[in-house]
Structures are given as C-alpha cells and as structure tokens.
1. Being touching a residue at least 24 places away in the same chain (Cβ under 8 Å) and under 24 Å from N259 (Cβ atoms) is the filter; apply it to region 153-170 and report the residue that is surrounded by the most Cβ atoms within 10 Å (Cβ to Cβ).
2. I'm checking my understanding of the structure. Among residues of region 89-103 that are within 23 Å of E293 (Cα to Cα) and surrounded by 20 or more Cβ atoms within 10 Å (Cβ to Cβ), which one is nearest to the ligand (Cβ to nearest atom)?
3. Can you tell me which of P329, P340 is on the phi < 0 side of the Ramachandran plot, crowded, with 18+ Cβ neighbours inside 10 Å, touching a residue at least 24 places away in the same chain (Cβ under 8 Å) and assigned to a loop (DSSP other than H, G, I, E, B)?
4. Pull up region 116-138, narrow it to residues that are near the ligand (Cβ under 10 Å from one of its atoms) and in a helix (DSSP H, G or I), then point me to the one that is surrounded by the most Cβ atoms within 10 Å (Cβ to Cβ).
5. Report every pair of residues separated by at least 6 positions or lying on different chains whose Cβ atoms are under 7 Å apart, first residue within region 99-117 and farther than 24 Å from V173 by Cα, second in a helix (DSSP H, G or I) and within 12 Å of the ligand (Cβ to nearest atom).
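Each value in this text was obtained by applying a stated rule to the coordinates, not by laboratory testing. None of the values given here were measured: they were computed from a predicted structure. Note that each Cβ is placed from the backbone with ideal geometry, even for glycine, and that neighbours are counted across all protein chains shown.
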Amino acid sequence: MILIKDRDDYFMQFSEKILNTPSSFIRNILKVTDAPDVISFAGGLPNPISFPTDALQKSINAAIEENGTKIFQYSTTDGYLSLRQYIADKYKKNYGYDVQPEDILITTGSQQALELIGKVLLNKGDGAIMEEPGYLGAIQAFTLAEPTFYSVTLENDGLNIEELEKALQNPNVKFIYTVPNFQNPTGLTYSKEKREQIYEVVKKYDVALIEDDPYGELRFEGEPLPYIGAGRLENSILLGSFSKTVTPGMRLGFLITKNKEIMQHIVTAKQATDLHTNIFSQYVIYDYLANNEYQEHVNKIITLYREQSNAMLDAIAKYFPSNIKYTKPEGGMFIWVTLPEGSSALQLFHKAMEEKVAFVPGDPFYTSKTNVNTFRLNYTNATPEVIEEGIKRLGKILHDEFE
Ligand code: PMP
C-alpha cells in the first residue's frame, strides 16, 4: 500500500490494458458533429422513428401487471427463459438452426458479448483474426484483453481466403471475428460462395468463429444467406441484437453457442461483470415480441433504410468525382468510401466540418493503420433531402481536392 504523503506528487497507476485501449473515436467525434447545423453522416444510430414507442409503452404496463415484483428483482445470469425460447424458435424457423434456450445467453447489447468473449478466450498476446477494416467496438472490446491482432482484408465478397489461411498458421490464434451481413463499417456482405470457402478453411482449425449479426434482418436487396459456421461449426459463436430492430437503449443482445464449455465460461465472466442483463428490459421486450407483428415492424425499417440508402447512392453518383470508390449496401446502415491512394480521410474530415458535413474517417476501423484514405457514411438518420444536400457539400470538396 502506498501512503499518500503529498497530494501534489500523487498520480494513479493505471493498468496497461486500459492505457492501450483507444477511447471510442466515434463517441469523441460525435461531440463535434452533433451540433444542430451540421449534417452528420457520422453516427451509427438507428432512426428514432423506427422505435415502436407506443407498443413498448403498452408492453411496459403489461409486463408489470403480469409479472409483479419479479420484474424489479435480481434475476438469472442466462436471461429470461421465455425470451430465450422466443429467440431459439426464431432461429429454428428462419435458419433451420437447432437452437435451444440453454444455448442462448441474453447480454447487455451484443457489445457486452464481445467483451466477454475477449475475457474468456484471450490471454495476453493471443491471436484474434479481424476483418480489415473492422467494427471499432470489437477492436476496442478485444484490446482490453491485450491480444495480437491479425488483420485479414475484407474484400467485396468477404474475407480474403489466402490471408485468412496465412493468419490461421499462427498457433496463438483463438478466434476469427466476422460481421457477415452489411458489415460495420463497410456495408459489405459476404457472398454465399465465400461463406462456404471460409467454413471449409476454418473447420480444419481449433479456433472459434464469431459471427456478429446485428444488421442481418435489415436486408433491403437480394436474398438472405446462410451463416458461415452457426449450426455446423463446433466452436461457433453467433451474436444478435435488438438494438437495430427494436431499440438500442434497452441494451438487449444475445450470444448463441452450442459449445457448452464456451457458454459456461462466458456465463461466469458475465456474473463477474453485471450478474445479469436488465431483467425489466427483458420482460418488456418479450411482451412486445409476443404481442406485436414484429416482422411488419422490421419491414417498415427496411423500407425506410432502402429509401435513405438509395438517396445517398444516387447523390454520390451525381456529386462525387468518378475516381472516388464506394460500396453499395444490400442492407444495414453504412456506405464505405475510398479516396484515391495516398490521400487522408482525416484531412478531408476537417475540411468537411468547415462545410458543416460530417462522416467518420476510416482510422479507428483498422488495428494498425493510420491516416487511411477511407471513410464511413451513415444514411439512416437524415431525410433524402438532407442526404442530398450533405453529399452535395462533400462532393464539392472532393471535386476541389481530387480532380
Ligand atoms: N456489433 C456491431 C457490428 C455493431 O455495429 C454494433 C453497434 N454499433 C454492435 C455490435 C453493438 O451493438 P449493441 O451492443 O447495441 O447490440
């Protein structure tokens, strides 16, 4: 124990793991981009008009009336059984995936599942294979466990297979983290063929395959595709979330694995973290799901996001110079833009802020690259008119810079 004799000399000794973990770049820049006169394509928020507020209000009352004090009491770590049964039935129906309630853990958003996976699978220095670019919240969550990241290029149809095989040669690799549908940040979706190829490669190794799928239900083009490993790989971990389809504020996500050992350790880690997920939210969302036309609700979000995505793609085609590349999402919330080689999205960000339009520069989505030439656009939070105006402003800067 160190005695504090002189307060002026006193400083905290923080852990290396927290000192090495980046604070959320997006949350930091949102403070600047949130000003009312800025057109922001920076956040990754679902559109609030998609929240079923009235139905949730009824469910709050119904859940209290039906469940009495239980809804305010401590509860089990695994989560509310009826909710887990609902999720199990849905995966059976939609994917033919034989999931039982005991294969499901309700988490405080899927973000918590990422942190728990890091805690349970990674020793300091262990390998985590990541998509490049990849979800920055996953980079942040895993960094707390001090891993070695192996980046595999995310191509238009999924992970680069040669790079994946090479990364898997490292004996310290514990898992591969993927977002196969409408990925954050790129909006890209793995093709059916790529999913099959990845499955064939991964099944030869004793590693876990994480499929993080918060956006999968929000498909506005093309056909739903089967998961890569869920339902057939022994070490498959599938993550889902109600954040993008019902509400993120209730912080409800879930982890599905049929691997009993993985589940047992994750449950222990969750006990240490928060004992259990907010049980009030779990009862409320269950009542909502059981008593409303959920699919109709999701279809409304899909229609809204299709319109917004089209508005942004049309505006990009009209206002961006032809040497700027961009993805065309089949669902989800994001478009990924690539500037000419050697240019800096961060510099562009500062110029764009002068014109009162914002996006997220690509840097925080890479584990080891900085000053990259890529950036993320979110289209779910502006009307088609505002989207057009924002893209027009960006297009003007791009023409000045890159033509
Ligand atoms: N995974 C991905 C790929 C995400 O984009 C997000 C949210 N931005 C999350 C997980 C976390 O979502 P939540 O904790 O709200 O379920």
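1. L159
2. By that ranking, first place goes to Y91.
3. Only one candidate passes the filter, namely P329.
4. If we take residues in region 116-138 being near the ligand (Cβ under 10 Å from one of its atoms) and in a helix (DSSP H, G or I), then A138 is surrounded by the most Cβ atoms within 10 Å (Cβ to Cβ).
5. From region 99-117, the pairs are T107/A113.
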